[in-house]
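All of the numbers you see were taken from the coordinates with simple rules; none came from a lab. What you see is a predicted model, and the numbers here were worked out from it, not measured in a lab. Backbone-built Cβ (ideal geometry, glycine too); neighbour counts: all protein chains shown.
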Amino acid sequence: MNSREKRLALILIISVAVGILFTGTNSYFQYKQGLTENLEKAIDDFEKYELTIGENENDLLTIAELQRRSLNPDRKQAVADYKNWLIHLLEKELEIEEVRITNEPSRQVDNQYWRHTFRINCASNLETLTDLLYRFETKPLLHRIKDLAVTPNGYDQLQLSLSIEAISLTTVDEENVLQDVVNLEHDESLVEGTREEFWTRISNRNFFGRENKEPTFTAPPITATVGEKETRTLTASAGVNEQNIQEISFEIDQDTLPTNFVASLVGNRLTVSSDEVGTYQFNVKVTDTGLPAKTIVKPLSVSVREKPAPRPVQPRPEPPKPPEFNVAQLAYFTSTIEINNRVQVWIHRRDLGQILKLPLGAEIAIGTIKGKIHAVNQRYLTILTADNELLEIKAGKALSTAQNITAQAEGLLTP
């Protein structure tokens with residue numbers, strides 16, 4: 001065997017060894033994966049089994065409880081036992097007279113239980129009706145009041161009409177068969193509250209009025225400034241109760257108050273504050289005084305903002321000056337007089353009751369008219385102002401009627 005053949009033989013042996021090793025390794029990993037999947041399935045099946053066992057135990061407890069509260073599985077005996085208890089309850093315990101109790105034929109439902117229907121008609125008062133309802137609800141039986149009709153009958157009497165359904169299971173374990181319905185003890189845990197609480201809720205109701213409704217409350221938007229308290233008055237609309245007179249109370253749900261936020265209520269006055277900017281939300285409970293009282297819970301949001309920048313101080317405008325009276329309106333150019341070849345201008349000051357006699361070139365300052373006497377004749381008086389403007393006043397006219405003839409001339413020369 002030459003070297004080439006030896007090399008080929010070696011390669012063949014190595015290839016066969018690698019193939020055997022790869023096949024074995026692959027089979028091992030497949031086997032391990034199968035074991036892992038089987039183990040996970042077994043754990044899952046075991047958990048489902050335990051869950052099923054627990055559910056079965058709960059179901060068995062429920063079935064046992066239903067059996068203990070079921071009437072006798074014999075339907076005739078069940079009707080007799082339940083009717084006997086109704087008679088004992090109404091006539092002996094509650095001492096109601098003229099009670100009429102009837103029953104309809106029993107009906108079997110899905111071969112699982114019998115449904116027995118009874119009807120009661122009697123006269124009573126509100127307190128006795130309350131006792132009847134309380135004793136009925138605390139009797140640990142499979143029964144219910146399907147319908148209850150109450151009609152006024154005199155000053156304090158009520159005519160009652162009840163429709164009752166009672167259940168007896170078709171299969172009951174022998175140890176759970178109820179033998180004595182009349183002496184079966186009441187269980188007060190079956191109702192919410194004591195007999196006195198029952199009486200309070202029922203005696204304060206008007207059976208012929210409208211049902212109490214929940215109050216209506218819309219949370220107002222509140223904006224506060226950081227570090228400052230903000231107060232709002234909360235308002236709500238009460239529902240409708242028997243007397244149509246209700247009061248509303250507000251309460252903060254303290255468990256919903258955010259951190260770094262303070263809220264308090266005094267009556268219906270809500271005060272909030274926070275030292276940090278942000279939006280805060282909490283719940284407010286609104287309760288009316290109806291019977292039964294109704295409560296709603298509403299979220300209320302408060303937005304806390306930075307303090308606004310101070311406004312710049314605006315300078316106060318100076319008050320307007322009172323209008324000045326131009327006394328030139330009371331000074332009249334009346335005439336000119338020539339004395340010793342000197343011309344005088346006479347101006348009547350009505351405000352002073354004087355006549356000014358001014359020569360040419362004299363200074364004059366009366367109201368808005370200020371300057372020097374420039375020229376005069378029988379018809380016009382001309383005054384030269386400090387701005388070298390000529391003012392012309394007609395004879396017999398007030399100085400305030402002066403015309404600026406310099407400005408008029410300049411206007412004519414302007415193209």
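Structure values in brief
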read-out: Sparse-neighbourhood loop sites, chymotrypsin sites (Phe, Trp or Tyr not before Pro) in segment 131-178 - DSSP loop, at most 15 other Cβ within 10 angstrom; value: 155
read-out: DSSP-assigned coil residues among GluC sites (Glu not before Pro) in segment 298-407, each with at most 11 further Cβ atoms within 10 Å; value: 306, 324
read-out: Amide H contacts under 5 Å for residue 161, placed H, 5+ residues apart; value: 149
read-out: All aspartates and glutamates inside 16 Å of residue 76 as judged from Cα atoms, apart from same-chain residues fewer than 8 positions distant; value: 104, 165, 180
read-out: Too-long pairs where the Cα-Cα distance tops 30 Å, listed order kept, from 139/294; 92/213; 92/146; value: 92/213
read-out: Calculated P(r) of segment 222-305 - Cα pairs past 23 Å, %; value: 27
read-out: Candidate lysines for bridging to residue 372, where Cα separation is under 24 Å - those fewer than 8 sequence places away on the same chain excluded; value: 357, 394, 397
read-out: Label-to-label distance, nm, for residues given as residue 117 and residue 379 (7 Å Cα→Cβ offset); value: 12.8
read-out: Where labels lie 7 Å past Cα in the beta-carbon direction, separation of residue 301 and residue 271 in nm; value: 2.6
read-out: Relative contact order computed over segment 115-234 (Cα-Cα under 8 Å; 6+ residues apart), in percent; value: 29
read-out: Principal axis dimensions, segment 327-413 - Cα atoms, whole angstrom, descending; value: 39, 30, 21
read-out: Reachable lysines from residue 41, criterion Cα separation under 21 angstrom, eight or more residues apart if same chain; value: 32
